[in-house]
Amino acid sequence: MRTASLFILLTMIFNSVDGQDLNGKWILKDIDSGNEKKGYPGFQLLEINNDNVDIYTDFSLKEKASTLKMNNGGLMNFNNEKTSKYKIVNENHIKWFINGKSNGKDAVFECDFYRLEPTITTLKKEDIEKMTFVLTENGRESEFEFNKELWDKETLELLKRKAGEKKIIEQIDSTFFVSMYYDGKRNGSIPIKEVTTEFLKLYAIPTGPMEMIAYRKK
C-alpha cells in the first residue's frame, strides 16, 4: 500500500513539473553545438500548454513553425516519433537537445530556453520610448535611444539604404523587448526584466550574461 501511494505521489509530482508548471512562453538564449562555442540563430520561442509545445521563429507569433509533444523527456512529432530530448533544469530553465551536424561531424545541439516573465514596471511603452539609457560593457558605452535612425543621412546615401540601425520597444504579452533593427529588418530582440525611470534591466542576453543593466542618461 505504501509503495502504491509513493508511486501515485511521484506520478503527480512528475506530471506537475512536466506539464502544468511549465505552461507559458520560453525564449531561446543560445545554442551550444558541443565545440565550446555558443551561437544565436535568431528569435525562437516555445509556448507550452500542458504537453503540447508550439514553436515560433517569428516575433509576431502569427504562424507556428512546428508543434511537438512532451513525453517522458522526449519531444514527439505528429507521427508520435521521437525527434529530440529535453531536460528540465529548474522551473525557469529548459534544455532542448537536438541531433545534427557541426562542421561535417555529428553533434548534439544544446538549446537553452528560459521562461518569459512579465516585465516589472509601472511604465507604459510610450513612457519607456521617451527615455534614453546607457549600457556600459567592458569599458564601452552603448546608448539605448528608441525610434531614432542611428545612421546619419550621408552614410545611408553612401550605402544606398533607406534604413540603417534603430532600436525599438516591442512587446509579447506583458513582456517588453528591446528590438534591434538593421536595414529595416529585426536583427534581435532582448527581453526587459525590469524598467524604471532610473534603469533598464535586460535578461537572457543571447550568447552573453543572464542580466545587464543600463542606466538612465541624465
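Coordinate-derived values only; no laboratory data. Please read all numbers here as calculations on a predicted model, not as lab measurements. With ideal geometry, Cβ positions are generated from the backbone for all residues, glycine too; neighbour counts draw on all protein chains shown.
Below is a table of values for the structure above.
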item: C-alpha center-to-center spacing [the stretch 144-185, the stretch 60-83] in angstrom; result: 34 Å
item: Rounded to 5, the percent of DSSP beta bridges in the stretch 134-207 classed as antiparallel; result: 95 percent
item: Entry for log10 I(q)/I(0) by the Debye sum over Cα atoms at q = 0.07, 0.08, 0.13 Å⁻¹ (calculated from the structure that is shown) out of [x] -0.22, -0.29, -0.79; [y] -0.30, -0.38, -0.78; [z] -0.29, -0.37, -0.87; result: [z]
item: The chain, relative contact order [Cα under 8 Å, separation at least 6], %; result: 15 percent
item: Estimated [θ] at 222 nm from DSSP helical runs (n ≥ 4, -39500 (n - 2.57)) normalised by residues in the chain, nearest 500; result: -3500 deg cm²/dmol
item: Sorted peptide list for 59-69, 151-161, criterion being average Cβ within 10 angstrom, highest first; result: 59-69, 151-161
item: Highest-first arrangement of 76-83, 114-121, where packing means the average Cβ count within 10 Å; result: 114-121, 76-83
item: Entries in LYS85/LYS201; LYS29/LYS87; LYS29/LYS153; LYS37/LYS62; LYS167/LYS193 that, when Cα-Cα distance is taken, lie over 25 Å; result: LYS85/LYS201; LYS29/LYS153; LYS37/LYS62
item: Folded to 0 to 90 degrees: helix 2-18 orientation relative to the chain principal axis, Cα; result: 20 degrees
